[in-house]
Amino acid sequence: MNSKYIKEFVTFPDITVMLLLFIPLMGYTFSNTLQIGTWIAFILGMATYALSEYVIHRFLFHMKTPTNPFLLKTIKRLHFDHHVDPNNLKLLFLPLWFSLPGFSIFALIFYIITSSFQLTIAYLAGIIVYFMYYEWKHYIAHKPIQPRTEMGRKIKKAHLWHHFKNENYWFGVTHTSVDKTFGTYKDQQSVAKSETAKNLEKRT
């Protein structure tokens, strides 16, 4: 892989900030790796984002076009404009003002349930690890990069079908499991081309 893509990815401001947050979280988590609870919390954090990736994409980012001007502006920045201009780097990554509050809410709920600062840090580290994986896979999907594995190539194709064939299917970015569970993973040849895939605002 061309190193310019890795450099472009890690130096994008929102990604750089996440990496800087990730380092101390993982450092603390590694200091407690001998405890099985740490690994369970870390894996739960990854699973949380893996599931929320689909739920947020399908039900929030593809919401019915809002009439409230502020809400419309917000959802346009979060996702609608990404469909208009899929390769625009500034629209490709989720903004910090959306990601960080969301992660904080997940972590607060987890802390309320466990009453453990140590486990909550491991859980949060798991979320951010998977989030960074999500952002990287999303970046690859929109760049002229050929994934090395057959699964990676299938996931990239599915994401591009979502953008250029029909926006009502293929919501997964890192996996297809939830799409297949809820019937939103289809043979692309059986799916009609949507006129609104590149303009979510125009959906009725």
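The values are calculated or read from the model by the stated rules, or taken from the named source; none is laboratory data. Everything quoted here is computed from the prediction, not taken from an experiment. Counting neighbours? That spans all protein chains shown, and the Cβs are built from the backbone with ideal geometry, glycine included. Just the protein is used for accessible areas: all its heavy atoms, side chains included, with ligands, DNA and RNA removed. Shrake-Rupley method; radii C 1.70, N 1.55, O 1.52, S 1.80 Å.
Listed values, structure above:
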{"quantity": "Reachable aspartates and glutamates, given that their alpha-carbon falls under 17 Å from the alpha-carbon of residue 73 and they are not under 8 places away in the same chain", "calculated": "81, 85, 201"}
{"quantity": "Whole-angstrom gap from region 1-41 to region 108-140, using each part's C-alpha centre", "calculated": "10 Å"}
{"quantity": "Whole-percent carbon and sulfur share, accessible surface of the chain, 1.4 Å", "calculated": "65 percent"}
{"quantity": "Residue-averaged [θ]222 nm for the chain, counting only DSSP H segments that reach four residues, each worth -39500 (n - 2.57)", "calculated": "-19500 deg cm²/dmol"}
{"quantity": "Filter on 137/157; 154/186; 76/143; 76/186; 90/154; 157/198 - keep pairs with C-alpha separation over 20 Å", "calculated": "76/143; 76/186; 90/154"}
{"quantity": "HN-Hα J in Hz across region 3-17 - Karplus 6.51, -1.76, 1.60, θ = phi - 60°, x for Gly and Pro", "calculated": "5, 5, 6, 4, 4, 4, 5, 6, 9, 5, x, 5, 6, 4, 4"}
{"quantity": "Packing-based ranking, highest mean first, of 118-131, 56-69, 85-98, 161-174 given that Cβ atoms within 10 Å are counted", "calculated": "118-131, 161-174, 85-98, 56-69"}
{"quantity": "Farthest toward positive dipole pole in region 105-204 [+1 Lys/Arg, -1 Asp/Glu at C-beta], among 163, 106, 182", "calculated": "163"}
{"quantity": "The chain, accessible area per residue, ligands and nucleic acids excluded (1.4 Å, Å²)", "calculated": "54 Å²"}
